[in-house]
1. Compare the Cα positions of 36, 20, 52 along the charge dipole of the chain (+1 at Cβ of Lys, Arg; -1 at Cβ of Asp, Glu; about the Cα centre) and return the one farthest towards the positive end.
2. Using a 10 angstrom cutoff on alpha carbons, build the Gaussian network for the chain and name the most mobile of 214, 233, 114.
3. Pull out the extension gain between residue 222 and residue 157, defined as 0.36 nm times the separation in residues minus the alpha carbon to alpha carbon distance; nm, one decimal.
4. Give me, ordered by chain and number, the residues 5 or more places off residue 171 or on other chains with an amide H under 5 Å from its own placed amide H.
5. I want to check the label-to-label distance for residue 137 and residue 168. Put each point 7 Å from Cα in the C-beta direction and report it in nm to one decimal.
6. Which value in deg cm²/dmol, rounded to the nearest 500, describes the helix-derived mean residue ellipticity at 222 nm for the chain, given -39,500 (n - 2.57) per DSSP H run of n ≥ 4 and division by the residue count?
7. Compute the Cα gyration tensor for region 1-119, then decide on rounded, prolate or oblate, letting a ≥ b ≥ c be the square roots of its eigenvalues: rounded whenever a/c is under 1.5, prolate when a/b is larger than b/c in the other cases, and oblate in all that remain.
8. Modelling each spin label as a point 7 Å along the Cα-to-Cβ direction, I'd like the residue 252/residue 35 distance in nm, to one decimal.
Amino acid sequence: ILTKLFFRKLGEKGSPIVILHGIFGTSDNWVGIAKVLSENHQVFLLDLRNHGHSPWSDEFDYQVMSEDLLEFIQDHSLEKPLLIGHSMGGKVVMQFDLNYPNIAHKIVIVDIAPKFYPVHHSLILEGLNSLDVAHLENRQAANEHMKRFEDNEGVRQFLLKNLHRTGENGFEWKINLQVITKNIDVVGLELWVHQPSETPAIFIKGAESHYIQPEDQRLISEIFPNFELFEIPQASHWVQADQPVAFMEVINSIL
């Protein structure tokens, strides 16, 4: 069953750009970058299924998410869009391009490879699932709770953006925590490759991130022979947040 995804649109003219966030993220994460791009492009920021304001579904894997993306592109009659995806969103973009060749103009993959990743969000998920959101007084209490599961303040704040206040007291999750938890191993799976992609593929790696290793380049070149890799200094996995100026320089060079 296909899902009508929630989206934000910035910009009225120019060629289309579609941006997909990573796991636990939302379209909000990309508004800063989108504002800059929207001066010359129509930018569409999507909430993937089970995230943000998009519908929830028990189905949660790269095949159904790439179908969601196809439906979105067709619904909005987007011609040769540039597709940008971060982390899990990058895998959705890659799977989409492999499933539906010749739709994307180019694809930009931010800090993720088309390979298998072992589950590495277990502690975060344990923390989020053990949070009694219905009786939570405020975000600060949630942040204190999450300190036992995640050291990085920035990461905790990013995760807690998914809390939505339900009224006088208590919160609820904007993410479908149950389904994400159940399918977290699916998020790490390698892509399904029928045949290599001819689409120009730009990979952007954070120099301080371990998600793309030197040995991954061989696999990337087999699946996306028409690829380039850019490394951005002093950037972690959240390349676009750590080094927005350097990130935009790469995007502008592609455009």
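1. Ranked along the dipole, the leading option is 36.
2. Result for the chain, Cα springs under 10 Å: 214 fluctuates most.
3. Contour length minus Cα-Cα distance gives 19.7 nm.
4. Residues meeting the amide H criterion: 134, 135, 136, 166.
5. 1.6 nm
6. So the helix-based figure for the chain works out to -9500 deg cm²/dmol.
7. Verdict is rounded for region 1-119.
8. So the two model labels end up 1.7 nm from each other.
The values are calculated or read from the model by the stated rules, or taken from the named source; none is laboratory data. Note that the structure is a prediction, hence the values are computed from the model and not measured. For neighbour counting, all protein chains shown are included, and Cβ atoms are generated from backbone atoms with ideal geometry for every residue, glycine included. Areas reflect the complete protein model, heavy atoms only, side chains present, ligands, DNA and RNA absent. Shrake-Rupley method; radii C 1.70, N 1.55, O 1.52, S 1.80 Å.
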